[in-house]
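Student: I have a structure here, written as structure tokens, and I will follow up with some questions on it.
The values are calculated or read from the model by the stated rules, or taken from the named source; none is laboratory data. Predicted model only: the values in this text are computed from it and were never measured. Backbone-built Cβ (ideal geometry, glycine too); neighbour counts: all protein chains shown.
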Amino acid sequence: MNHLQESRIIPCRQDMIIRTFQSGDEVAFYDLNASWILESFSMDDKDRLILGDPVGRVLKAGGEIFLIVRPEATLGCCALLPLENQSWELAKMAVAKEHRGCGIGRRLLHHVVEYAKETGVHKLSLKSSSLLQPAIHLYKSVGFQIVAQENSRLPRNARANVFMELIF
């Protein structure tokens with residue numbers, strides 16, 4: 001293994017915490033999401049609205065944003081957007097590219113699902129892309145089921161062709 005390969009290895013550490021969004025997290029929330037979106041897609045208007053104003057578009061709308069952090073870095077994030085009938089959309093879930101594969105996304109997703117259950121939500125919905133197979137596998141592993149788009153209350157966008165739900 002050469003020196004360049006060694007420098008890319010980031011050990012999985014246990015000093016991570018999951019917390020809710022705080023003032024100052026705007027840049028990390030934007031950067032984490034813009035990174036994964038721009039890897040394979042382009043940003044759409046809704047992306048720009050939510051990522052440009054997470055406080056107004058998520059928190060003040062009754063949603064929540066969670067971040068998984070270490071003292072020196074924000075490793076991932078996930079938003080819950082309110083829908084009708086005691087349900088939420090799970091959206092803007094991202095893990096920094098250099099930290100993928102260490103279970104960070106799984107840990108964050110489990111936390112978000114437990115939070116939703118504790119708050120009395122009856123259903124979580126999400127939309128994804130068939131190009132994002134690791135994400136789809138992760139969602140299935142915690143109980144999300146694929147549903148037909150016409151059965152989902154979530155609107156289709158340019159990259160969304162997989163719709164999933166987790167009913168409690």
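Student: Collect the residues in segment 28-52 that are in a helix (DSSP H, G or I) and more than 14 Å from C77 (Cβ to Cβ), keeping them in residue-number order.
Tutor: L38, E39, S40, D45, K46, R48, L49, G52
Student: Still on this model: When both residues are 6+ apart or on different chains and their Cβ atoms are under 8 Å apart, which pairs have a first residue that lies in segment 33-52 and is surrounded by 15 or more Cβ atoms within 10 Å (Cβ to Cβ), and a second that is among the polar types (S, T, N, Q) and modelled with pLDDT under 95?
Tutor: From residues that are surrounded by 15 or more Cβ atoms within 10 Å (Cβ to Cβ), the pairs are F41/S129.
Student: Separate question: Considering only residues that are buried (at least 17 other Cβ atoms within 10 Å of the Cβ) and not polar (S, T, N, Q), look in segment 119-135 and name the one that is nearest to C102 (Cα to Cα).
Tutor: Among residues in segment 119-135 that are buried (at least 17 other Cβ atoms within 10 Å of the Cβ) and not polar (S, T, N, Q), the one nearest to C102 (Cα to Cα) is A135.
Student: Considering only segment 52-64, I want to know if a residue exists there that is under 22 Å from V121 (Cβ atoms), modelled with pLDDT of 95 or more and in contact with a Lys or Arg (Cβ under 6 Å, 6 or more places away or on another chain).
Tutor: no
Student: Would you check if A91 is touching a residue at least 40 places away in the same chain (Cβ under 8 Å), part of a strand (DSSP E or B) and small (G, A, S)?
Tutor: For A91, the condition - touching a residue at least 40 places away in the same chain (Cβ under 8 Å), part of a strand (DSSP E or B) and small (G, A, S) - is met.
Student: Tell me which residues, restricted to segment 53-70, are in a loop (DSSP other than H, G, I, E, B) and touching a residue at least 24 places away in the same chain (Cβ under 8 Å).
Tutor: Matches in segment 53-70: G63 only.
Student: Condition (residue is of a type in the set (G, A, S) and in a strand (DSSP E or B)) applied to segment 135-150: is it met by at least one residue?
Tutor: Scanning segment 135-150, I find no residue that is of a type in the set (G, A, S) and in a strand (DSSP E or B), so the answer is no.
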